[in-house]
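Below is one structure; the comments refer to it alone.
The values are calculated or read from the model by the stated rules, or taken from the named source; none is laboratory data. Bear in mind that the values here come from a model prediction, so they are computed numbers and not experimental data. Positions of Cβ are backbone-derived with ideal geometry, glycine not excepted, and every protein chain shown enters the neighbour counts. Areas reflect the complete protein model, heavy atoms only, side chains present, ligands, DNA and RNA absent. Shrake-Rupley method; radii C 1.70, N 1.55, O 1.52, S 1.80 Å.
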Amino acid sequence: MDVKERKKIPRQAMPEQDPRRRRHNYEEVPYGYTEELAVTEAQRCLKCKKPTCMTGCPVNIRIPDFIQLIEEGKFIEAAWKLKEQNTLPAVTGRVCPQEAQCESKCILGKKGEAVAIGRLERFAADYERKSGQVKLPELPPPTGKKVAIIGAGPAGLTVAGDLVKLGHKIVIFEALHEPGGVLVYGIPEFRLPKEIVRAEVNYLKRLGVEIHTDYVVGKAKTVDELLKNGYDSVFIGTGAGLPMFMGIPGENLVGVYSANEYLTRSNLMKAFRFPEYGTTPIRSKRVITVGAGNVAMDSARTALRLGAESIIVYRRSRDEMPARAEEIHHAEQEGVKLMLLTNPVRVIGNEDGRVTAIECLKMELGEPDASGRRRPVPIKGSEFIIECDTVIPSLGNRPNPLIPMTTPDLKTTRWGTLDCDPDTLETSKKGVFAGGDIVTGAATVISAMGAGKTAAASIHEYVMTGKVTKKPKKEEKKEGAEEEKSKK
Ligand code: FAD
């Protein structure tokens with residue numbers, strides 16, 4: 001097929017559940033591509049000589065190669081190609097903000113719609129899982145080296161996957177009763193079915209990764225104790241699970257829940273399957289979610305499914321909403337209402353200490369602030385009250401300080417994140433590496449996985465040679481190459 005014909009093919013929509021039905025259930029919203037749709041979408045790829053899409057991927061997936069395999073109908077091979085770079089393709093295919101990453105660099109997107117790389121990634125990974133033909137790579141002989149990983153989120157799981165394939169003994173310590181990090185406790189079932197995370201975790205277990213759940217490092221054992229007890233290196237991937245609050249009066253009333261608590265009850269503790277599971281769901285009439293990131297969308301959509309009227313209050317405008325475009329679209333389709341340029345100033349309660357309303361101010365956008373986004377400025381005298389019985393501040397998360405508090409020589413930044421060498425991800429403590437949200441602050445699944453890959457490479461070098469060399473940056477490499485050329 002020539003380029004002209006490829007360009008004529010429209011981007012293939014992904015079939016999904018009717019919004020009127022899905023707002024009452026927890027089943028996954030999109031059904032995924034059929035084989036036919038996937039092949040047609042793959043045919044849109046122009047096979048660029050210099051595939052710019054790859055520069056937008058933090059884990060360097062060989063995007064044109066896996067898409068080519070789908071076009072040829074080699075779906076399993078496409079999944080295997082993905083897995084060379086990405087331990088969790090069925091996850092990233094669902095939750096990555098592709099429109100800001102690989103798809104934002106697709107040449108087709110300049111004048112029209114980018115190739116649906118995320119949907120194709122999801123298709124290939126699902127095909128492999130459903131076919132049962134999950135291929136285990138051949139492992140090298142054991143190196144005799146042992147690495148402890150703290151936290152079984154995307155960062156920790158990626159480090160585990162990369163290091164076990166190099167012949168090291170890997171043991172993960174996870175505080176919660178199920179591995180997966182935010183993938184199991186934060187992101188709801190209707191966006192990422194937990195069966196998918198479980199399949200990815202099982203793949204690692206089959207490779208020989210040992211996972212201890214209900215194990216809080218810093219309480220059960222410290223980092224120093226792990227190093228003394230036979231581990232050659234430690235990776236800290238404990239994420240950013242400490243919720244931030246608004247700091248306004250009334251925030252400790254009954255009926256104010258951090259997004260993490262609200263979502264954890266529903267997802268990890270399975271309140272949505274009550275009474276089959278013992279966690280009682282939080283039933284409300286009107287829920288106000290404050291914020292407009294992915295976490296806010298997940299909370300607002302969960303509230304809807306629990307039978308409430310669900311309103312998002314956000315102090316900036318639609319253009320500044322940080323959530324994935326698809327999540328905002330799905331939330332609105334399902335009936336979540338957006339109150340933009342609105343900022344809460346007080347939560348109001350009754351004599352029993354229960355939430356009855358929230359007082360807000362209208363905002364307008366002023367000059368850009370340090371983040372480059374226009375600063376919201378309150379409009380004087382615009383106060384108004386919205387009646388509600390539940391408020392979910394969803395303003396972001398910070399790292400939990402437990403590990404730095406129990407590891408004296410581990411340096412932190414003023415934001416409470418771990419201070420690491422940006423190239424090697426080595427911390428201030430010899431042999432201890434870190435990556436993901438604990439280093440960057442709350443970010444994305446794929447950036448945590450990218451960090452996991454960098455840390456795994458450093459840990460491998462460290463356990464094999466006792467040192468970690470800084471890799472020359474791309475520009476330095478290029479300069480070096482230019483020098484070589486001019487010498488010749
Ligand atoms: P985490 O996923 O937080 O995992 C850390 C793990 O460490 C947890 O399992 C925790 O229990 C464990 N742990 C913590 N302390 C200890 C300890 N002391 N001992 C043992 N274990 C410990 N990103 C996207 O790209 N797309 C999305 O759509 C998206 N949606 C999101 C929705 C929600 C509700 C949330 C909260 C986040 C979302 N994110 C999304 C962000 C993304 O999930 C995170 O950036 C990513 O999970 C970070 O990975 P991590 O491995 O660093 O940490």
Name every residue in segment 1-17 that is touching a Phe, Trp or Tyr at 6+ places or on another chain (Cβ under 9 Å) and more than 13 Å from GLU41 (Cβ to Cβ), in order of residue number.
GLU16, GLN17
Under 7 Å by Cβ, and 6 or more places apart or on different chains, what pairs join a residue from segment 70-98 that is within 20 Å of PRO15 (Cβ to Cβ) with one that is part of a helix (DSSP H, G or I) and of a type in the set (Ser, Thr, Tyr)?
PHE75/TYR127
Test ALA114 against the stated conditions and say whether it is small (Gly, Ala, Ser), away from the ligand (no atom under 14 Å from the Cβ), open to solvent by less than 50 Å² (accessible area, probe 1.4 Å) and out of contact with any Gly (no Cβ under 6 Å at 6 or more places or on another chain).
yes
Could you please find all residues in segment 423-468 being within 16 Å of the ligand (Cβ to nearest atom) and outside any helix (DSSP H, G or I)?
LEU425, THR427, LYS429, VAL432, PHE433, ALA434, GLY435, GLY436, GLY441, ALA442, ALA443, THR444
Give the residue, chosen from THR342, THR407, that is within 30 Å of LEU227 (Cα to Cα), buried (at least 18 other Cβ atoms within 10 Å of the Cβ) and either over 26 Å from the mean Cα position of the chain (by Cα) or modelled with pLDDT of 95 or more (or both).
THR407
With the condition kept exactly as written, say whether any residue in segment 299-306 is outside any helix (DSSP H, G or I) and more than 10 Å from the ligand (Cβ to nearest atom).
yes
Tell me the strands (runs of 3 or more DSSP E) entirely within segment 362-404 that contain at least 1 residues that are within 16 Å of the ligand (Cβ to nearest atom).
390-393
Can you tell me which condition LEU395 does not meet? The list is (1) within 28 Å of LYS146 (Cα to Cα); (2) among the hydrophobic types (A, V, I, L, M, F, W, C); (3) open to solvent by 20 Å² or more (accessible area, probe 1.4 Å), and all the others hold.
(1)
Selected residue [open to solvent by 10 Å² or more (accessible area, probe 1.4 Å) and either in a loop (DSSP other than H, G, I, E, B) or within 16 Å of the ligand (Cβ to nearest atom) (or both)] from LYS130, LYS83, LYS135:
LYS135
If you take the residues in segment 199-253 that are in a loop (DSSP other than H, G, I, E, B), within 16 Å of the ligand (Cβ to nearest atom) and of a type in the set (A, V, I, L, M, F, W, C), which one is surrounded by the most Cβ atoms within 10 Å (Cβ to Cβ)?
ALA240
Could you tell me whether segment 281-292 includes any residue that is loosely packed, with under 15 Cβ neighbours inside 10 Å and assigned to a loop (DSSP other than H, G, I, E, B)?
yes
Would you tally the residues in segment 162-192 being modelled with pLDDT of 95 or more, of a type outside the set (D, E, K, R) and away from the ligand (no atom under 11 Å from the Cβ)?
7
